[in-house]
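Inspection log for the structure reproduced underneath, given as structure tokens.
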Amino acid sequence: ALRVNGAEALWYNGTYFSWGFGGTANYFADNVGIGTSTPDTKLAVAGIISATSDATEVNKVELGHGGANGYINNVGAGRLDFRHEGNNYMSLTDLGRLGIGTTAPTTKLHLVHGNSGNSSGFKLENANNGNWFRLYVSSSTGDFRLYSTSQGTTSIGNFNDVSGVYTATSDRRLKKDFKDLYFNWNSFMDLKPLTYLYKKQKDTKRNIGFVAQDVAPIYPELVNYIEEDDVYQLNYSGFGVVAVKAVQELNKKVENLEKELDSLTTENQLLKQKLSIIKSLEERLKKLEKQ
């Protein structure tokens, strides 16, 4: 046993080590207990860990040193706060709700972010290469914006907070190498609008759409292949552009037909005039014959 100031501080009873002062014993073997002799986890803490002058920080576990400390604080009322230098950054309630930037989460995960579209929000990043997506709620419009690795602080999409309509970034300043969309009526007519069911679909409500493999030979720009999942995806919004192109091509045909019709109308009028002259000559000829 190790004694400090006449009191046993550390001893071994043949089963586990114990340490304590003033008659309070703490035990450790496979598990470590502080304030309990029956720890049921690797580290079990029972009772008040420390007391401070701040009434909101009665029970806390402090981490760090030199004044720049972080700590876990049990404020009671079923809430556990994770704080740093007096600032609250995360709270966990007894309802299983986790709040980041708020002490009153209203959902399982509740994030309150800053008011900077360039850096605030919720970020998902791939550890392999640093690719990321960031989600942000605008304070001015309430819209939900998307940011990504490729565009950085320029939003790539926006969900309207009233209608839910999604609009994608389409600024000329972000684009280059413009070319007219190619169009062929025979290929266009080969597109196969279908109704179908998904194999894992539980109801019998049929879906309307296309099959990506059918569209790929005609408009490969509308097809996206995810190699990791071995699945084809389709850009349905792009069909609206194709439809506009089809209407434009159809309008050209209509204009040409109108020109041909105008030409035929003019020719018809000329023929009518000639026919009228011929009829007039016939009448005169008949009169002459009678005379």
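The values are calculated or read from the model by the stated rules, or taken from the named source; none is laboratory data. None of these values were measured; they are calculated from a predicted model. Every residue, glycine as well, gets a Cβ built from its backbone with ideal geometry; the counts of neighbours run over all protein chains shown. These accessible areas exclude ligands, DNA and RNA; they are computed on the full protein's heavy atoms, side chains included. Shrake-Rupley method; radii C 1.70, N 1.55, O 1.52, S 1.80 Å.
The order of the peptides 155-162, 250-257 by mean Cβ neighbours within 10 Å, most packed first, is 155-162, 250-257.
Here the translational diffusion coefficient of the stretch 237-283 follows from Stokes-Einstein with Rh set to the Kirkwood radius across Cα pairs; for 20 °C and 1.002 mPa s it amounts to 159 µm²/s. Placing pseudo-labels 7 Å out from each Cα toward the beta carbon at Thr265 and Asn88 gives an inter-label distance of 7.8 nm.
Express in whole angstrom the spacing between the alpha-carbon centres of the stretch 243-291 and the stretch 133-187. The stretch 243-291 and the stretch 133-187 have Cα centres spaced 53 Å from each other.
Could you please tell me the mean projected area of the C-alpha convex hull for the stretch 140-291, averaged over all directions and given in square nanometres to one decimal?
Computed as one quarter of the Cα hull surface, the answer is 20.0 nm².
Full extension of the chain segment joining Tyr225 with Glu289 gains 14.3 nm, where the gain is 0.36 nm per residue of separation less the Cα-Cα distance. Cβ-Cβ distance of Thr106 and Asp190, R₀ of 45 Å, FRET efficiency by 1/(1 + (r/R0)^6): the value works out to about 0.30. Among the protein heavy atoms of the stretch 145-291, carbon and sulfur supply 54% of the accessible surface, probe 1.4 Å, non-protein parts ignored. Here the relative contact order of the stretch 141-291, from alpha carbon pairs under 8 Å that lie six or more residues apart, stands at 10 percent. A P(r) calculated from all alpha carbon pairs of the stretch 120-174, with 10 Å bins opening at zero, reads 23, 50, 24, 3 percent.
Remark: the stretch 172-291 carries 91 Å² of accessible area per residue (probe radius 1.4 Å; ligands, DNA and RNA excluded). Expressed per residue, the C-alpha convex hull volume of the stretch 95-134 stands at 83 Å³.
Here the alpha carbons of the stretch 92-220 define both size measures, Rg and Dmax, at 21.0, 64 Å.
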